[in-house]
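Before any comments, here is the structure.
Nothing in this text is a laboratory measurement; each read-out follows from the coordinates by a stated rule. The structure presented is a predicted model; accordingly, all values stated were derived computationally and were not measured. As a convention, Cβ positions derive from the backbone with ideal geometry for all residues, glycine included, and neighbour counts pool all protein chains shown.
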Amino acid sequence: MTEPLLRISDLTVAAGGKTILNGVNLELPAGEVHALMGPNGSGKSTLAQVIAGRSDYTIVRGAVTFAGRDLLAMPAEERAHAGLFLGFQYPVEIPGVNNVYLLKAALNAQRRARGEPEVDAFEFLGLVREKMKLMHMDESFLNRGVNEGFSGGEKKRNEILQLLVLEPTLAILDETDSGLDIDALKVVAEGITTLRRPDRSFLLVTHYQRLLNYIEPDRVHVLADGRVVKSGDRTLALELEQRGYEWVRAQAKVA
Amino acid sequence: MSAAPALDGLQAYVAAHERIAAKLPGGGAWHAVRREALERLLQLGWPTARDESWKYVPLRLLEKRVFDAPAPAALPVDATALARGALKLAGAHQLVFVNGHFAASLSSALPGSDIEVTPLELALEREPERIRARMPLPGDAADQRLTLLNLAFLAAGAEIRINAGASPAPLYLLFVSSGEHRASHPRLLIDLQTGARASIIEHFVTEGDAETFANSVTDIRLGTGAHLEHVVVTEPSARGFVLGSIEAQLGADSRLLLHRVLLSGLLSRSSLRASLEGRGASIDANALLLADGREHLEAHSVICHRATDAKSAERFRGVAGGRGRGVFNGRIVVEAGAARSESQQSSRSLLLSEQAEIDSRPQLEILNNDVKCSHGSTTGQLDPAMLFYLLSRGIDPETARALLIYAFLDDVLVRLELKDLRQQLERRITNALPNKQRIEEFL
């Protein structure tokens, strides 16, 4: 068996003296799209943030490997250099830091870390314009502060724009679908779909199965009470939509 | 009693005054005005830590130093070194003042018909009575003691008049303090007549690393519908003192866009007293300070709404590292008759070290019910959510921190209408930041 791109083993995480993740196990092979679903407060966002390297959580036990490397031993920026990307549920506004300069600096920091040549300003501008067109974003986004004054939908599109430019090997998208109207949802889904490749994986963290109508997942995992209580194929998402999360929770308890 | 040491601190000025008073311009009437100002100051004494707006000022720094009397005229300065420190503003008239005295040889030609600039020495000799009427004796408030000191030595500076409807090129006023232990007391009188538009920059620097004391007073009057962008950049040597006072009276529908940028100084302090006198007047008062080492930087303001439909917005951003100290004290008063006033105040401070300190006091005093007011104040470290966002994109922690500090301060500079000034101030701020080379690709 080949090593999965992402392997989470018995991951147990606490914050403020409270256990949030309690023995999470999950494997995401290269080239696959998995959905991580679950009720509010089940620990989905915590899992996404811990994988991306947010430091204000305590890792109680367990391990996460990414392409065979010990992810938890790497600082956040090194995880990005290694090809990990987190699309935030609530992208933060950073007035005074130009949206596009950040994107260029991020791309070049990652290229430097991989020993690749940096892209120059002209080349970069061409690249970002092309990707913006794909995301139906107008040129005014070039000159604005990072997410500054963006609507909820614009912030999510901007996350996907970054994803398109940075081309990571693993993208974790935390509720990228929430707060989007149907048109924006389609644009975002198309953006993600263009990136699908045999060596690139996605973990779509979502509360509803709506996004999964546009991006068909290979596997669906249900997180409840801090652990993965059920995994299945895409029909699991439809079943959850009909029967609710209490159904899997009850099942998990019986088991 | 603490009055005795305070008076001691003023004795040096009394002696200096006796030595030079007879040589100052303006004739007998002006000698009397200066003497009266000095006597008032002696009666009232230096401000003390009990005075709210002087609470944090390390007054002993100022009191234990003996600053010499202002030189009677502009001293020669090194023009090359001066040019290096000057801001370069395309198309602006540059006027250089050495210890307050206009230095024609270092300045561009005085501007033409839209605008009249008269060195104050000249105005005092030509029209002593008119200048006296233009300058009422300051009140007793602790904040105006320095204005009294300025008046007691008044001899230098300039009168600037922008004619009705005129819109001249920006005026860049470079104030150089020169000579170890020299004091200077420059005074600017600025009048914008009806509908005039102007940009004026006051830039305070020191020649070399001398220990100097600039005690400047700027008196601004805006006529109906006038618009002034006024910028004060305080950038003396690390041993320098710059204590500046700005008095502003705003007529109907006039607008003052004020930016105060305090970049250095053993003690740099800017104090604003603005009065919205005419209906529909508006003021935007931005202040930014960056205190490092042992610098002590303060921005004070009292903005008074005295007419209907007036607007004020005040924005303070302070960063302190090392053992640096910052103070923001902003008071907005809405008087009883000032219906339909709008006022906003925001103060944010960032501390970069354990020993750094910033004290912030935004205050609203509202004596009228028909107002919309808001204020907020925060002091803290860099926002962890912003920091994580940058790290998650692959930016290294040192660059991310430098970038966020820069962005924090730039929030004030983006409001400058003069774009080339904005760029140069951004550059100066970048140069003062740790890890400056890391953030160059973001600028």
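Just a few scattered comments:
- A simple charge model with +1 on the Cβ of Lys and Arg, -1 on the Cβ of Asp and Glu and nothing else charged puts the dipole of the range A:172-255 at about 340 debye relative to its Cα centre.
- Taking amide H positions as modeled 1.01 Å from N, with prolines and chain starts lacking one, the residues under 5 Å from residue B:182 and 5 or more places away or on another chain are B:68, B:213.
- Cβ-Cβ FRET estimate between residue B:424 and residue A:139, R0 fixed at 22 Å, reported to 0.05: 0.20
- Compactness of the range B:36-98 as Cα Rg over 2.2 N^0.38 Å, two decimals: 1.71
- Taking the DSSP beta bridges with both ends in chain B, the antiparallel portion is around 5 percent.
- Rounded to 5, percent antiparallel among DSSP beta bridges of the protein assembly as shown: 15
- As a rough footprinting exposure proxy, the listed residues B:153, B:175 were ranked by other beta carbons within 10 Å of their own, and the order from fewest upward is B:153, B:175.
- Using C-alpha pairs under 8 Å with a sequence gap of at least 6, the mean separation divided by the residue count of chain B gives a relative contact order of 9 percent.
- Between residue B:364 and residue B:238, the simple spin-label model (points 7 angstrom out along Cα→Cβ) gives 4.1 nm.
- If you take all other residues with their beta carbon under 14 Å from the beta carbon of residue B:18, and give Lys and Arg +1 and Asp and Glu -1, the sum is +2.
- For chain B, the longest site-free run once GluC sites (Glu not before Pro) in DSSP loop states with at most 14 other Cβ atoms within 10 Å are removed: B:1-179
- Extension gain (nm, one decimal) between residue A:199 and residue A:218, 0.36 nm per residue minus Cα-Cα: 5.4 nm
- Shown here for the range A:1-97: GluC sites (Glu not before Pro) in loop regions (DSSP other than H, G, I, E, B) with at most 11 other Cβ atoms within 10 Å, of which there are none.
- Kirkwood radius and radius of gyration were both taken over the C-alpha atoms of the range B:21-161, and their ratio Rg/Rh is 1.01.
- Other residues with beta-carbon under 14 Å from the beta-carbon of residue B:38 carry, at +1 per Lys or Arg and -1 per Asp or Glu, a net charge of +2.
- Each part reduced to its alpha carbon centroid, the range B:190-240 and the range A:61-86 end up 53 Å apart.
- Taking only the C-alpha atoms of the range A:99-255, Rg followed by Dmax gives 18.1, 60 Å.
- Evaluated over the range B:250-371, the Cα radius of gyration and Dmax, each in Å: 15.5, 47
- Within the range A:63-107: backbone nitrogen closer than 13 Å to the residue B:381 label point (7 Å, Cα to C-beta): none
- Distance from the range A:1-54 to the range B:320-343 (C-alpha centre basis), Å: 48
- Top of B:388, B:328, B:204 by mean-square fluctuation, Gaussian network on chain B, Cα under 10 Å: B:388
- Along the axis of the charge dipole computed for the range A:1-104 (Cβ charges of +1 for Lys and Arg, -1 for Asp and Glu, origin at the Cα centre), the listed residues A:47, A:72, A:6 are led at the positive end by A:47.
- Zone residues, the range B:116-130, relative to residue B:32, backbone N less than 20 Å from point 7 Å out along Cα-to-Cβ: B:124-130
- Rounded to the nearest 500, the helix-only mean residue ellipticity at 222 nm of chain B stands at -7500 deg cm²/dmol, with each DSSP H run of n ≥ 4 adding -39,500 (n - 2.57).
- With both labels modelled 7 Å from their Cα along Cα-to-Cβ, the residue B:43 to residue B:167 distance reads 4.8 nm.
- Kirkwood hydrodynamic radius computed over the protein assembly as shown comes to 28.5 Å, based on all pairs of distinct alpha carbons.
- Overall form of the range A:16-83 per C-alpha gyration tensor (a/c, 1.5; a/b vs b/c): oblate
- Under a 5 Å amide H cut-off, with hydrogens placed 1.01 Å from N, residue B:107 pairs with B:96 among residues at least 5 apart or on other chains.
- Beta bridges by DSSP in chain A, antiparallel share as percent, to the nearest 5: 55
- Spacing of the two label points (7 Å from each Cα toward its C-beta) at residue A:129 and residue B:60, in nm: 6.4
- Paramagnetic label reach from residue A:58 (point 7 Å along Cα→Cβ; backbone nitrogen cut-off under 18 Å): within the range A:1-42, residues A:11-24.
- Take each residue in A:75-82, count the other chain C-beta atoms within 10 Å of its C-beta, and the mean is 5.
- The range B:373-435 and the range B:118-187: distance between their alpha carbon centers, rounded to Å: 35
- Charged side chains reduced to their Cβ positions (Lys and Arg at +1, Asp and Glu at -1) give chain B a dipole of some 120 debye around its Cα centre.
- Radius of gyration over Kirkwood radius for chain B, both on Cα atoms: the Rg/Rh ratio is 0.95.
- Extended-chain gain in nm, criterion 0.36 nm per residue less alpha-carbon gap, residue B:50 and residue B:339: 100.7 nm
- Computed over the range B:335-443, Cα set: Rg, Dmax in Å: 18.0, 56
- Charge sum, other residues only, whose C-beta stays under 9 Å from residue A:234's C-beta, Lys/Arg counted +1 and Asp/Glu -1: -2
- Translational diffusion of the range A:37-160, µm² s⁻¹ [Kirkwood Rh, Cα pairs; Stokes-Einstein; 10 °C; 1.306 mPa s]: 97
- Amide H contacts under 5 Å for residue B:246, placed H, 5+ residues apart: B:218, B:271, B:272, B:273
- Among B:216, B:347, sorting on how many other beta-carbon atoms sit within 10 Å of each Cβ, with the fewest leading, yields B:347, B:216.
- Reduced Cα scattering model of the range B:155-281, Debye log10 I(q)/I(0), q = 0.19, 0.21 Å⁻¹: -0.96, -1.10
- For the range B:343-397: rounded, prolate or oblate by the Cα gyration tensor [a/c cutoff 1.5]: oblate
- Put in line by how crowded their Cβ is, counting other Cβ atoms within 10 Å and starting with the fewest, B:304, B:373 read B:373, B:304.
- q = 0.13, 0.22 Å⁻¹: log10 I(q)/I(0) that the Debye formula gives for the range B:127-201, counting C-alpha atoms only: -0.53, -1.13
- Cβ-based charge dipole, the protein assembly as shown, positive-most Cα from A:126, B:228, A:207: A:207
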